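Following: one structure in structure tokens, then a few remarks.
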Amino acid sequence: MDAALLFDPDEWRAAYILNKQKPPQMPPTLNQVVRLVARLGGFLARKGDGEPGVKTVWLGMQRVIDFAAGVRYSRGQREFETCV
């Protein structure tokens, strides 16, 4: 499944950036983004760890949402910059 079904572009790009990875041009899969978000919440993603839990995804989503909101705010501020 495509990550764009549940994440807006700013959010899935934020997940990549916060994990110090280059965001892809096309939307990644939903599983890839959920695992990136979970890693921000403390998920270690080791071979035998299984799938991330609700708490780690929730903690990671808090970081992603805050970062994406900052990006949107910064993008909006550029419209008001003037050279006086």
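Using a cut-off of under 17 Å, list every residue of the range 48-75 whose amide N is near the label point 7 Å from the Cα of Asn19 along the Cα-to-beta-carbon line.
Of the residues in the range 48-75, 48-68 have backbone N under 17 Å from the label point off Asn19.
Can you tell me the orientation of helix 9-18 relative to the chain, as the angle in degrees between its alpha-carbon axis and the longest Cα principal axis, to the nearest 10?
So the helix axis and the longest Cα principal axis differ by about 70 degrees.
How far is helix 30-40 tilted, in degrees, relative to the longest principal axis of the Cα atoms in the chain, given as a value from 0 to 90 rounded to the nearest 10?
90
Using θ = phi - 60° and the Karplus relation 6.51 cos²θ - 1.76 cosθ + 1.60, list the HN-Hα couplings for the range 41-53 in order, rounded to whole Hz, with x at every Gly or Pro.
Along the range 41-53, the couplings run x, x, 5, 8, 6, 7, 4, x, 6, x, 8, x, x Hz.
Based on the alpha-carbon set only, what is the convex hull volume of the chain divided per residue, in Å³?
Cα convex hull per residue, to the nearest whole number: 111 Å³.
How much mean residue ellipticity at 222 nm does the chain get from its helices, if each DSSP H run of length 4 or more adds -39500 (n - 2.57) and you divide by all residues, to the nearest 500 deg cm²/dmol?
Values: 3 runs with 45 residues, N = 84.
That comes out to -17500 deg cm²/dmol.
Taken together, the values in this text are just the output of simple stated rules run on the coordinates, not laboratory data. Model, not experiment: these values are computed from the prediction. Heads up, the Cβs are rebuilt from the backbone with ideal geometry, glycines too, and the neighbour counts pull from every protein chain shown.
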